[in-house]
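Here is the structure we will look at.
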Amino acid sequence: REINKDRENVNISNFDPNYIIYDSSTDTTYLRGRLLGKGGFARCYELLDLNTDKVYAGKIIAKSRIAKPHQKQKILREVELQKELKHKHVVEFHSYFEDEENVYIVLENCNRKSLVHMLKHRKTLTEPEVRYFMTQLVEGIRYIHSCNIIHRDLKLGNMLLNDDMQLKIADFGLATRVEYEGEKKMTVCGTPNYIAPEVLQKRGHSFEADVWAMGCVMYALLVGHPPFETATLKETYVRITGNSFSFPDYVSLSSRNFIKKCLAHEPELRPKLDEVLQDEFFSSGHMPSFLSVSCCTNAPRFPVYTKF
Ligand SMILES: CC[C@@H]1C(=O)N(C)c2cnc(-c3ccc[nH]3)nc2N1C1CCCC1
């Protein structure tokens, strides 16, 4: 079999030749690879496309687990939203198909897992790394919002990384489409991780809920845990509605100021995504043009710039 030239030779020994998955709609055969983890109803595996030798990440959901119509609808909604999004910092949708026992969602492979894994190894990230990831996150969310979609579950586990350390926003399971200018959503089917106060209090929410979550992500990357985390969910909700959070001493003033703007209790006071990259945080310090994969495990040392 001709080994696919434009990609490094895939080590096919990771893939189980006893486990073939066939997509009749595109006449594509996949070999199932290692288990990547579980996401909701799905068991996620690496999939090797035997036509192209490309590796994908597949969400495999047993039909027996989505027997109720509204559960199948949720999956189809997620696929519909993800299908239309094409952006550097949004996970690319590859295909959707079914067979007798499962539905399959085939997505872009992100070999370096998520920011959860990076933070687990590193405890906290340096400010230049946070500037690097937040810039990519802002660009991805701006694109998603420009498609009139609110993600509603932005969290470290949904920020995946590929081998070039490029951030990819994943999991549109709680996402929703804004149908008209000024529409406020009243409910979410599921519990967002970094839930905004207006979502908690069912006061109506929109794109600003994603800006709140973005503030929580930035805080977690710098501090090592989310801003409102406590021992119990109830206490966390009290903190969110009370807007009570604080910073350790080592967090810089420009970081604090930007995070405080994103975590404004009133949605309309949060920064608009088109202005965010003008914030002093993004222009006030070193912005790496690339990150090495070694950053997943070891803090990088950036060249020290003396401003003169
Ligand atoms: C398939 C589900 C989800 C996901 O959405 N993508 C795009 C993804 C891509 N690569 C990977 C991947 C991890 C390690 C290599 N590739 N993982 C992805 N995930 C993970 C799987 C388990 C929880 C979330």
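Pull up the range 45-54, narrow it to residues that are touching a Lys or Arg at 6+ places or on another chain (Cβ under 7 Å) and more than 9 Å from the ligand (Cβ to nearest atom), then point me to the one that is farthest from residue 108 (Cα to Cα). So the residue we want is 53.
So in the range 55-65, with the set limited to residues that are surrounded by fewer than 20 Cβ atoms within 10 Å (Cβ to Cβ) and within 16 Å of the ligand (Cβ to nearest atom), which one is nearest to residue 32 (Cα to Cα)? Break it down into steps so the answer makes sense when it comes.
Of the range 55-65, the ones surrounded by fewer than 20 Cβ atoms within 10 Å (Cβ to Cβ) are 60, 62-65.
Now restrict to residues that are within 16 Å of the ligand (Cβ to nearest atom): 60, 62, 65.
Numbers: 60: 10, 62: 15, 65: 20 Å.
Across the range 55-65, the extreme among qualifying residues is 60.
Look at (1) charged (D, E, K, R); (2) within 23 Å of residue 138 (Cβ to Cβ); (3) surrounded by fewer than 17 Cβ atoms within 10 Å (Cβ to Cβ) and you find that residue 234 fails only one, number (2).
The residues of the range 144-164 that are in a helix (DSSP H, G or I) and within 16 Å of the ligand (Cβ to nearest atom), listed by number, are 144, 156, 157, 158. If you go through the range 267-308 and keep only what is buried (at least 16 other Cβ atoms within 10 Å of the Cβ) and of a type in the set (Phe, Trp, Tyr), you end up with 281, 282.
Every condition in (1) crowded, with 22+ Cβ neighbours inside 10 Å; (2) closer than 20 Å to residue 204 by Cβ; (3) in contact with a helix residue (DSSP H, G or I) (Cβ under 7 Å, 6 or more places away or on another chain) holds for residue 153 except the one numbered (3).
Which of the residues belonging to the range 45-65 are over 19 Å from residue 157 (Cα atoms) and part of a strand (DSSP E or B)? Outline the logic, then answer.
The initial filter retains those residues of the range 45-65 that are over 19 Å from residue 157 (Cα atoms), namely 47-55, 61-65.
Answer for the range 45-65, where residues must be over 19 Å from residue 157 (Cα atoms) and part of a strand (DSSP E or B): 47, 48, 49, 54, 55, 61, 62.
Of everything listed in (1) under 16 Å from the mean Cα position of the chain (by Cα); (2) part of a helix (DSSP H, G or I), the single unmet condition for residue 121 is (1). Considering (1) modelled with pLDDT under 95; (2) buried (at least 20 other Cβ atoms within 10 Å of the Cβ); (3) of a type in the set (Ser, Thr, Tyr), the lone condition that residue 191 does not fulfil carries the number (2). Residues that are under 21 Å from residue 154 (Cβ atoms) and more than 12 Å from the ligand (Cβ to nearest atom) are absent from the range 30-44 altogether.
The helices (runs of 4 or more DSSP H) falling completely within the range 165-280 that include 2 or more residues that are under 30 Å from residue 296 (Cα atoms), among the β-branched types (Val, Ile, Thr) and touching a residue at least 24 places away in the same chain (Cβ under 8 Å) map to 208-223. Hey, among 43, 112, 32, 65, which residue is touching a residue at least 60 places away in the same chain (Cβ under 8 Å) and basic (Lys, Arg)? Selected residue: 112, the only one of 43, 112, 32, 65 that is touching a residue at least 60 places away in the same chain (Cβ under 8 Å) and basic (Lys, Arg).
The values are calculated or read from the model by the stated rules, or taken from the named source; none is laboratory data. Model, not experiment: these values are computed from the prediction. Please note: Cβ atoms are built from the backbone with ideal geometry, for glycine as well, and neighbour counts cover all protein chains shown.
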